[in-house]
Amino acid sequence: MKTIRKSAAFALLFSAIMIGSFNLATYLVGLRIGNEDTRTQRTVDAKLAHQSETKSAENQATRPEGNVCNAFLSEKDPFRKTGLFHTLIDSITAENAPALLDELVTDTSPQIQYIYHLVAFFRQWAIIDWKAALSHLEHPVMTNNDRLREVDRNHSIRRRVIIGWAYQDPDGALEWLENKPVKGSAAVNGVLEGLVARDPDNTIPTTRAFLDRFTDPEVRERTSLWSIAEGFTRKEGIDSTLAYADALQNYELGPRSAREVILSSLLNLDASVELSRYLLHPEVQEEVNPTLYSDTAYGLSNKTTPQEALAWAESLTGNLRHEAIKGVYKQWSEEDPLSAGEAISELPPSKLRDDSLAGLAFALQGEMPETSIDLAYAIDDLDTRHQSMAHAYRRWRFEDKEAALAWHSELSPELQENIAAAQKYLDENSKMRIYHDGEGRMMMRRKRD
């Protein structure tokens, strides 16, 4: 029933947008009955996470005797399993690590937990004996296991091993990186994170010394600083992280500055309010990519309200203002598309209106691909319109191939060509690769270096 009512609402919303007016306030109040309160859900999730951490700590205080790995593998309760895993990690030695790994790979946990367990295991093993851990990545137990290959597809394990190496033998790791013909992101960031882990209190001078030593653009472009900045924030706080960003403002990491990368990491730590104040400084506005303003506005809208975030965004000027407002509408469209559509319909014809409509269409493409395409027709800019249609058509074709192909077959040859060209452009310029897993789900993975 809820889906039918929502579909009807968007039919009216689309009509209003097309004629440039919208006056359905009373009607929309009724339609919002039954909408999920995502803010309440986030609060519940946070409480559950805290309970999980508390329970894990209690489990660690009563560690079981006997074979810890067998106890971990057979445990069904997720809280106790987390505690047993920490016990398992603490029990790793240079002698027992290979045998423990042979047992650990048989874990039947869901893939996301499986990845976490393997990555954490290898990082701890590398701190104890990095050479053995690194060589074991080529062992048949790794290379012949599909789940393990998936874990290390983007070198997540390899990077953790290099972190352990740099932690144990910083000079050897630095020399290895200098002499390495191809310096991939796993190698670059693994070494740097290992150096920082040795002396967290000197994170800033350690990072500066690393960037002063490796001036090669290839290294600079692959230096992320994300995990270092996040760890620094948790230890020192947001204000200290902003000072850390200032200390590295003159270092360029490929197309981005070190300061921008550090500031971006704060968004993962729910620091959009503090970041929004920092981004008002004129010297920061001259240096930072406008995309950061869009991402910050998205986070600010999520943490406060869309109206408060819009007030901040509208205090900016030029392209920064445009990107920030677009970020607000993107988040708003995902959380409450009905009220977001109402606000977007009141915007005058402009690039901002087109971009906001595209964001609304994107937010709806999973649940209502037909409505998403209808909204795309209301976009004035042809490139943006065709790209929005291409996004929705791809998703619709996955969800209901017969209906999507029937719609596509009725389009003019010219529009079909435009959608195909837009899809090619999106594929070539996206940082993510879309694929289908073995169970028929649409998945996305970041493209490798």
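Numerical summary
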item	result
Under-5 Å amide H pairs with L253, H placed in peptide plane, nonlocal only	A258
Region 199-205 - phi-based ³J(HN,Hα) in whole Hz, Karplus 6.51/-1.76/1.60, Gly and Pro as x	8, x, 5, 10, 4, 5, x
Under the Karplus curve 6.51 cos²θ - 1.76 cosθ + 1.60, θ = phi - 60°, whole-Hz ³J(HN,Hα) for region 172-184, x wherever Gly or Pro sits	x, 5, 5, 5, 4, 5, 4, 8, 6, x, 10, 9, x
Estimated inter-spin distance, A99 and E414, nm [label 7 Å along Cα→Cβ]	7.5
Region 202-280 versus region 315-365: alpha-carbon centroid distance in Å	29
Gain in span if fully extended, N429 to K235, counting 0.36 nm per residue against the direct Cα distance	66.2 nm
Ranked list, fewest to most other Cβ atoms within 10 Å of each Cβ, for Y293, Y377	Y377, Y293
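Computed from the coordinates by the stated procedures, all read-outs in this text should not be read as laboratory data. A quick note: this is a predicted structure, and the numbers were derived from the prediction, not measured. Cβ coordinates were reconstructed from backbone atoms using ideal geometry, including for glycine residues, and neighbour counts include every protein chain displayed.
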